[in-house]
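Before any comments, here is the structure.
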Amino acid sequence: MKISYKWLSKLIDSGCSAASISKMLTECGLEVESMETHESIKGGLAGLVIGRVETCEKHPNADKLSLTAVNVGDKILKIVCGAPNVAAGQTVVVATEGATLYPSTGEPFVIKKSKIRGEVSEGMICAEDEIGLGTSHQGIIVIDEAIAPGMNAADYFKVETDVIFEIGLTPNRADAASHYGVARDIQALLSNSSQAKVKLPEVINFFPDDRSLPIEVEVVHTDDCLRYSGISISNVKIGTSPAWLQQTLQSIGVKSINNIVDVTNYILHEVGQPLHAFDAAAIKGNKVIVKRLNTPTKFITLDGIERTLSGNELMICNQTEPMCIAGIFGGINSGVSESTTSIFLESACFNPVTIRKGAKTHGLKTDASFRFERGTDPEITLYALQRAAMMIKDIAGGNISSDIIDIYPTPVEPVVMHFSFAQLEKMAGYKIENTTVKNILIGLGISIIDDYHESLKISIPAYKVDVRREIDVIEEVLRITGYNAIPLPKQFSFALDSGNRQSPYVNAIATAQVLASSGFNETLSNSLSKESYFETYTDTVKLINPLSSELNTLRAEIIFSLLECAQYNTNRQQGDLKLFEFGYTYRKSEKQYSESSVLGILCTGNRIPENRKGHYINHDLFYLKALAENIFNIYKVSSYKETEYKGDYLTGDGIAYILKDRKTKSETTIAFGGKVNKAIAKKFDLVADTYYLQINLDALNSIQVSEDFRIAPIPRFPEVRRDLSMILDTGVTYGQIQQLAFETERTFLKRVNLFDVYKGDKIPEGKKSYAMSFFLADVEKNHARSGH
């Protein structure tokens with residue numbers, strides 16, 4: 001949401017700089033994500049001055065160029081000019097050396113002293129399209145001769161400069177979705193240090209000019225429309241808005257359309273109340289009906305798209321047809337056009353749920369729906385209507401030709417509650433003076449009904465849609481005083497955990513450090529994913545109202561998030577990748593949903609890039625095994641077994657790590673990995689072999705044990721190595737051999753190592769060759785001579 005510093009200053013005279021306001025807003029929860037200078041003319045015409053052409057002669061070396069001497073106040077500049085209308089005695093706009101010009105089309109460019117066809121040129125006499133004032137390139141700008149040379153062009157053209165705040169508005173802060181709402185927060189922030197008060201423009205001079213255009217209003221579905229107000233204005237003249245209005249809207253990124261629509265947009269951003277102007281001629285039967293259609297209906301919106309209404313949307317209709325999707329988007333046949341002479345102006349408060357569902361159904365996001373979905377203030381509809389009507393009269397002429405129609409069957413009552421100073425101190429952890437608290441509440445628009453010294457009876461205005469409990473009021477007070485103001489104690493007390501387990505957070509940090517030191521980069525991706533990734537899964541969690549088809553399912557596997565990241569980098573010539581991500585996966589059963597914490601690790605390309613010797617090393621399954629075992633060491637897990645693994649997206653020679661519970665004898669897969677199926681890798685543009693390892697963090701965190709550190713002396717006797725080459729069935733795994741070896745020899749066998757695997761020539765079909773080393777040692781005596 002964009003907020004103008006100048007606009008804010010019209011509502012509240014804070015006396016604070018833009019930088020101070022930015023800091024204040026961020027600290028109170030309205031985070032200023034960026035702060036940019038905005039100029040009504042891009043570049044602010046910096047370096048441009050008014051000059052007078054003293055002499056103008058034909059260029060000796062070019063038929064279409066002129067040599068001019070231009071007085072710019074403090075000196076005479078020699079300028080070569082190609083404009084056909086340049087002449088001596090003219091007052092012109094001159095870009096001096098070093099000025100940056102921002103043309104209406106094309107890229108900015110800098111004016112430099114140069115030679116043109118052999119003649120020195122020390123600047124440029126400008127046309128309007130060359131400095132962003134318009135699109136004409138017929139000739140240079142010629143202005144009033146009475147203007148003295150040397151005047152800054154920015155002053156002559158009255159360039160407006162503003163500071164624009166980009167505020168990351170959270171969904172609960174519907175009350176701050178306008179300049180008025182932000183100004184209220186500033187008022188509360190300054191409540192104890194200044195008398196700055198929010199002042200909205202007066203509407204006391206509002207009155208009907210006549211009653212020549214009465215329009216009847218009927219609200220059928222009052223649950224969907226809490227309040228509906230309207231008024232007729234006749235004899236308006238549709239045209240362009242005055243420059244100040246265009247510039248104000250442009251500064252916050254709103255395009256000027258015409259004077260009527262611009263006024264409604266201005267009011268929306270000023271006080272947060274959306275308005276809609278109907279062409280009165282389109283209101284058949286002179287009656288507006290607010291209702292649901294209850295049957296599917298074709299409807300063409302302002303963007304020219306024909307949409308099929310489900311029948312559940314709230315519509316603004318005339319006696320024969322719908323004119324507008326209430327609170328979301330107008331219809332193509334009822335909006336204001338150049339031929340409009342009379343309008344019906346609507347100001348309403350709609351049910352947020354109804355608007356949210358309608359906007360989601362049709363994929364529409366407008367400034368109006370943004371506010372209605374979060375909840376607007378039903379008490380400001382009349383003020384916004386009167387303010388807009390008065391502005392339209394000033395800007396577009398016309399007469400207010402009806403009394404205000406105001407249908408408000410069930411007024412929204414303010415929430416009344418008791419607020420305890422003691423409870424505030426308990427939650428804040430320190431004492432905030434009662435006077436300070438009361439000033440803050442009043443600054444936020446919260447009324448104090450009674451003051452009982454130890455507590456207050458307060459009334460919460462309707463626009464504070466997120467304040468309904470005492471704890472919400474405490475939060476309001478604390479965000480205004482500032483969480484940074486909470487004092488830190490001089491001494492901190494904490495209890496040491498006497499348990500044997502490390503926290504999952506500590507383990508995750510240690511794991512990330514190990515991976516980062518091995519050259520891995522951590523990724524962070526959205527838990528929402530594409531449904532197409534999980535077509536073979538029957539237990540995926542799908543969203544009822546997805547944001548898009550690209551984000552319509554909670555991911556059942558984290559591998560696809562990593563593959564997307566790898567694809568993005570590979571397509572940008574970064575093919576040697578080592579990625580990891582901590583995240584959650586989601587599944588559903590008949591009765592419940594489950595969330596699992598996992599670590600995904602993906603490797604593709606070269607593990608060691610090609611070097612000056614021409615050597616490089618690819619990733620393989622053994623690299624994944626090394627990673628897995630290093631991570632198991634962090635979690636102090638060692639008594640696992642290895643088995644072959646086949647997954648939906650891995651080839652058949654993968655590996656899984658199984659841990660058996662000593663008490664229940666149940667087995668849990670704590671990790672699995674292998675080479676990514678080539679067909680899947682190809683979908684993500686990955687040509688190189690890609691390997692994936694997934695760690696079950698929930699399992700590791702639940703079974704990790706603490707091991708005592710033991711110090712042992714260096715062995716007195718050397719170990720003995722024995723190599724063995726074996727022909728085995730392809731189904732036999734290294735893990736099985738390793739387990740069998742340690743079960744067979746429990747005393748002397750210390751280590752087992754596989755150093756060669758071979759399949760192919762001279763090896764029978766269905767067989768493979770394993771070359772393994774067995775390391776044996778005895779701490780009591782030397783067995784080297786006995787051949788142990």
For the chain, the dipole about the Cα centre with charges only on Cβ (Lys and Arg +1, Asp and Glu -1), to the nearest 20 debye, works out at 2660
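Please report, in cubic angstrom per residue, the volume enclosed by the convex hull of the alpha-carbon atoms of the chain.
Given the Cα convex hull of the chain, per-residue volume reads 315 Å³.
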The FRET efficiency for D761 and S702, from their Cβ-Cβ distance with R0 = 41 Å and rounded to 0.05, is 0.30
Check: C-alpha center segment 213-244 vs C-alpha center segment 291-321, spacing in Å is 19
Quick shape check on segment 281-412: root eigenvalues a ≥ b ≥ c of the Cα gyration tensor, a/c under 1.5 is rounded, otherwise prolate if a/b tops b/c, else oblate, and it reads oblate
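Starting with the highest mean, order 375-382, 364-371, 583-590 by the number of other Cβ atoms within 10 Å, averaged over the residues of each peptide.
The most tightly packed comes first, giving 375-382, 364-371, 583-590.
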For the chain, the accessible surface attributable to carbon and sulfur atoms (probe 1.4 angstrom, ligands and nucleic acids excluded) amounts in percent to 49
CD proxy, 222 nm, the chain: helix-only mean residue ellipticity via -39,500 (n - 2.57) per DSSP H run with n ≥ 4, per residue, nearest 500, stands at -7000 deg cm²/dmol
Residue span E425 to S212: 0.36 nm per residue of separation minus Cα-Cα distance leaves a gain in nm of 70.7 nm
Rounded to the nearest 10 degrees, the helix 381-396 long axis (Cα) sits at an angle to the longest Cα principal axis of the chain of 50
Expressed in angstrom, Rg and Dmax over the Cα atoms of segment 160-215 are 17.5, 51
Taking Cα atoms, the helix 434-443 axis meets the longest principal axis of the chain at an angle in degrees (rounded to 10) of 60
Distance in Å, no decimals, from the C-alpha centre of segment 459-492 to the one of segment 71-98 is 61
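For the chain, what does the relative contact order come out to in percent, with C-alpha contacts under 8 Å and a separation of six or more? Walk me through the intermediate numbers first.
Details: 1551 pairs, mean separation 67.9, N = 788.
The value is 9 percent.
Restricting to Cα pairs below 8 Å that are 6+ residues apart, what does the relative contact order work out to for segment 222-312? Please round to a whole percent.
Once divided by the residue count of segment 222-312, the mean separation gives 16 percent.
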Note on the chain, DSSP bridge orientation, antiparallel percent to nearest 5 equals 95
So for segment 125-241, using the alpha carbon gyration tensor with a ≥ b ≥ c as root eigenvalues (a/c under 1.5 gives rounded; past that, a/b versus b/c decides prolate or oblate), I'd call it oblate
Applied in sequence order to segment 762-768, the curve 6.51 cos²θ - 1.76 cosθ + 1.60 (Karplus, θ = phi - 60°) yields integer Hz couplings, x standing for Gly and Pro, of 6, 10, x, 4, x, 10, 8
Rounded to the nearest 10, the angle in degrees between the Cα long axis of helix 259-271 and the longest principal axis of the Cα atoms of the chain comes to 60
FRET efficiency for S638 and Q513 from the Cβ-Cβ distance with R0 = 22 Å, rounded to 0.05, comes out at 0.60
Between I449 and V779, the two model label points (7 Å from Cα along the beta-carbon direction) sit apart by a distance in nm of 7.9
Once E667 and I617 are pulled to full extension, the length gained, defined as 0.36 nm per residue separation minus their Cα-Cα distance, is 14.5 nm
For D620, the residues 5 or more places away or on another chain with a placed amide H closer than 5 Å to its own amide H are none
Counting Lys and Arg as +1 and Asp and Glu as -1 over every other residue whose Cβ sits under 13 Å from the Cβ of D210, the net charge comes to 0
Taking a ≥ b ≥ c as the square roots of the Cα gyration tensor eigenvalues, with a/c under 1.5 meaning rounded and otherwise prolate when a/b beats b/c or oblate if not, segment 542-634 comes out oblate
Quick calc: nm separation of the 7 Å Cα→Cβ label points for A771 and M726 -> 1.7
Note on segment 649-763: contact order normalised by length, alpha-carbon pairs under 8 Å, 6 or more apart, percent, works out to 16
With a Förster distance of 60 angstrom and the Cβ-Cβ distance between N312 and V752, calculated FRET efficiency to the nearest 0.05 equals 0.30
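The values are calculated or read from the model by the stated rules, or taken from the named source; none is laboratory data. Predicted, not measured: the structure shown is a model, and the values here were computed from it. With ideal geometry, Cβ positions are generated from the backbone for all residues, glycine too; neighbour counts draw on all protein chains shown. Just so you know, the surface numbers come from the protein's heavy atoms only, side chains and all, with ligands and any DNA or RNA stripped out. Shrake-Rupley method; radii C 1.70, N 1.55, O 1.52, S 1.80 Å.
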